[in-house]
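Comments concern the structure below.
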Amino acid sequence: MPVTYTNIPQDKLLQKEPTKELDIEVKTTGFKILKSRISKNEIALNANNLIRKTSSKYYFLTRNQHNNIQKQLYSGVVLQNIELDTIYLEIGSLISKKVPLKPNLDINYHIGYDVLEMVIIKPDSIVISGPESQIKKIKKIDLELLKLDDVKSDFKEEVKIVLPKNSKSLKVTTDFTVISGKVEKFTEGTFDIPFKVINLPDDMELTTLNETVEVVFVVGLSNFNKIDKNFFEVICDYNTTKENNLSYLLPKVVVKSNLIKSYKVVPNKIDFLIQK
């Protein structure tokens, strides 16, 4: 007979699925045995008098359930024997915690377009509740794949939350989240920026063929006029050249604004002569 379990404390939860069926011997007429086999009514086992074996493992003796089971059988069906003498239950606390949502994005933008800022996930985390043994293992919750092609305008899509496998006992505050992004046409600009050499020994002077480098940057069209040379600083660290035994300087661009989508420096190597 299929079985269920009742009277488990409200602040506790089954950590693993327990025995689902119980073999019993009964005495009755052949017709009532056939009726019992066909109906497959569940037998509710009372789990209010458990014996603790370990911190999370409990058990009860089925012989103490004899009268309880008998009452749930059809009239005229007499319980003779219960095959399994002990049923074990793994019971733990019902806990909750907040976990981040991990997006799964496959977004292809139209040529010349891109997302203006970081994609927004709202909510970006959810509260999950369930068995302590399961909750402790969960560090993040995945989202279904969001696939968009030829995107050239703002988007806002509802995306389903994907719960881990074997998580039927988990409860979540929501089944969906919303992923959105501001999309804009991007353009390219350039500035000639003077570079500064740092960590040069006091007794050394360098002569370079040029005093500036070209910084090529990509920015959203609406922000293009906001960008000027002060957004960039170019530094060449002589220690890097010396430690790597190089014959040239490596210009490094320091960008002072998050409006800049990407950038590159031309040339990416600066030749020099040493004067002592």
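Here, each number is a calculation from the coordinates, and none is a lab measurement. Bear in mind that the values here come from a model prediction, so they are computed numbers and not experimental data. So basically every Cβ, Gly included, is an ideal-geometry build from the backbone, and we count neighbours across all protein chains shown.
Observations, loosely collected:
- Overall shape: prolate for the stretch 3-92, with the ratio a/c of the largest to smallest alpha carbon gyration tensor axis at 1.5 or above and a/b above b/c.
- Charge-dipole axis of the stretch 94-184 as Lys and Arg at +1 and Asp and Glu at -1 on Cβ define it, positive-most pick from Val151, Phe176, Leu94: Leu94
- Restricting the GluC sites (Glu not before Pro) of the stretch 157-257 to loop positions (DSSP other than H, G, I, E, B) with no more than 13 neighbouring Cβ atoms within 10 Å leaves Glu211.
- Taking Phe31, Phe176, Phe217 as the candidate residues, the one with maximal mean-square fluctuation in a Gaussian network model of the chain, Cα springs under 10 Å, is Phe31.
- Loop chymotrypsin sites (Phe, Trp or Tyr not before Pro), the stretch 49-131 (other Cβ atoms within 10 Å of the site Cβ: 14 or fewer; DSSP): Tyr74
- Percent antiparallel among DSSP beta bridges (both partners in the chain, rounded to 5): 80 percent
- Placing +1 on the Cβ of every Lys and Arg and -1 on the Cβ of every Asp and Glu, with nothing else charged, gives the chain a dipole about its Cα centre of roughly 1960 debye.
- Cα long-axis angle, helix 30-39 against the chain (0 to 90 degrees, to the nearest 10): 20 degrees
- Simple Cβ-charge dipole of the stretch 94-184, Lys/Arg +1 and Asp/Glu -1, about Cα centre, in debye nearest 20: 800 debye
- By the beta-carbon count within 10 Å of each Cβ, the least crowded to most crowded order of Lys160, Lys16, fewest first, is Lys160, Lys16.
- A convex hull fitted around the alpha carbon atoms of the stretch 108-222 yields 200 Å³ per residue.
- Global form of the chain, assessed from the alpha-carbon gyration tensor, a/c cut-off 1.5: prolate
- A straight chain from Glu117 to Tyr248 at 0.36 nm per residue would run longer than the Cα-Cα distance by 43.6 nm.
- Value at 222 nm in deg cm²/dmol, rounded to 500, when DSSP H runs of n ≥ 4 in the chain each add -39,500 (n - 2.57): -2500 deg cm²/dmol
- Global geometry of the stretch 51-119, whether rounded, prolate or oblate, following the gyration tensor of its Cα atoms and the 1.5 cut on a/c: prolate
- Simple Cβ-charge dipole of the stretch 186-275, Lys/Arg +1 and Asp/Glu -1, about Cα centre, in debye nearest 20: 480 debye
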